[in-house]
Amino acid sequence: MNILTLPGDGIGPEITKQAVKIIKALSPNFNIDEAPIGGAGYDADGDPLPQTTLQKAKDADAILMGSVGDWKYDQLPRELRPERGLLRIRSELNLFANLRPAMLFDQLVDASSLKPNIVSGLDILIVRELTGDIYFGQPRGIHNLKNGEREGINTMRYSESEIRRIGNIAFQLAQLRNKKLCSVDKANVLETTELWREVMVDLSANYPDVSLSHMYVDNAAMQLVRAPKQFDVMVTGNIFGDILSDEASMLTGSIGMLPSASLDINNKGLYEPSHGSAPDIAGQDIANPIATILSAAMMYKYTFKQPNEAIRIEEAVEKTLQQGYRTADIMDDNSTKIGCEEMGDRILGNL
Ligand code: NAD
């Protein structure tokens, strides 16, 4: 197997390095290459997604990314900013299915801002459509109006086939879990999501073993903090999924714990932590590498179809937490604080 790593910016390189240690130990025969993306791509080649990086990503079997972005690139034109590199690679590789599990390790129940009885045992999966919706819809832009003022435009749109494609993935993932799928929309106000709901209902006939429910996005945002364990799999569009998955991440205590996978139709994937590049703590060896390490576990599960390796990684993480080791973001009074590098080493030791 050929894996391309894209360490990116900020804490990206330090957290990616820890996941690479684990992959090398589990699969010494895999080829692991590296390429710049984001601000690092701009610095190397004047482009947040250099052509050579894109080509390597196309050639690889799977991609492991750190994160992109740094305030020092904020003055660049939008097209050259680090985040554009990420949007472009998702779109170029047709990575339309974003899987974001929000799972709470028992050892971290107290790290959540919610009461233990609301979150203990939490294990939900948010499936977010990633290549359509208002983030990509045309027309878009900022225009001058005749009256002299300006107007900003973005367009929310989904075709039936785009909805069907993500819907099928969500139903199939629900079949592998507790067979409950909640589709999140705003069908009372937005025609785009009225169509979304129709297609989901239509698809459900092919998955009689999965119980489908619907929820408006505003209610879903509320239910996620009121009673998150009512959910098993949630499926939604790009913008709602962006917001809800960040909200769900906080249920688990720290955004530093949450992995993600973005898959194409053949399960080729780009795997990355759900968090950003955390420029405020970059280079200090205090970032939590667990989200990236768990992203590597997802890579074994979804692209390489090696579920046992995924479980080994997850169990090594759990054991390390059990032993009381914590990075600063998940630290509590009874634990031992360690840095990013040592967390990687301890998880490796427990593998
Ligand atoms: P962020 O996720 O980088 O950081 C938010 C907060 O969480 C910060 O206090 C940070 O220190 C902390 N944090 C994040 N990851 C952590 C980890 N692994 N361990 C410990 N603490 C962690 O979000 P932000 O500050 O809004 O954005 C910073 C940059 O990241 C911006 O340039 C933004 O565009 C970019 N970003 C990139 C991605 C991505 O690469 N997928 C996603 C979100 C934001």
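Annotations for the structure displayed:
- Between the listed residues THR320, PRO48, PHE171, the Cα displaced farthest toward the positive end of the dipole of the chain, a dipole computed from Cβ unit charges relative to the Cα centre, is found at PHE171.
- Per residue accessible area of region 113-252, 1.4 Å probe, in Å²: 49
- The mean of 1/r over all distinct Cα pairs in region 113-252, once inverted, gives the Kirkwood hydrodynamic radius of 16.1 Å.
- Helices in the chain, meaning DSSP H runs of at least 4 residues, each add -39500 (n - 2.57). Divided by all residues, the mean residue ellipticity at 222 nm is -12500 deg cm²/dmol.
- Those aspartates and glutamates that a straight Cα-Cα span of less than 20 Å connects to LYS319, excepting residues fewer than 8 apart in one chain: ASP106, ASP110, ASP123, GLU309, ASP329, ASP332, ASP333, GLU341, GLU342, ASP345
- Only Cα pairs under 8 Å and 6+ residues apart enter the sum, and on that basis the relative contact order of the chain stands at 21 percent.
- Cα centroid separation, region 221-278 to region 280-351 (Å): 18
- Pairs of Cα atoms farther than 24 Å apart, the chain, %: 57
- Two-decimal Rg/Rh across region 48-119, once Rg and the Kirkwood Rh are taken from alpha-carbon atoms: 1.14
- The convex hull defined by the C-alpha atoms of region 87-158 has an orientation-averaged projected area of 8.3 nm².
- When only alpha carbons of region 253-351 are considered, Rg and Dmax amount to 13.8, 45 Å.
- Remark: region 1-111 projects, on average over all directions, an area of 8.6 nm² (convex hull of Cα atoms).
- When you filter the trypsin sites (Lys or Arg not before Pro) in region 275-351 for DSSP loop state and at most 11 other Cβ atoms inside 10 Å of their Cβ, you are left with LYS305.
- As a fraction of the 1.4 Å probe accessible area of the chain, surface on carbon and sulfur atoms comes out at 48 percent.
- Cα Rg, Dmax (largest Cα-Cα span) when computed across region 161-227, Å: 12.0, 33
The values are calculated or read from the model by the stated rules, or taken from the named source; none is laboratory data. These figures come from a predicted structure and were not determined experimentally. As a convention, Cβ positions derive from the backbone with ideal geometry for all residues, glycine included, and neighbour counts pool all protein chains shown. Surface areas here come from the heavy atoms of the whole protein model, side chains and all, with no ligands, DNA or RNA. Shrake-Rupley method; radii C 1.70, N 1.55, O 1.52, S 1.80 Å.
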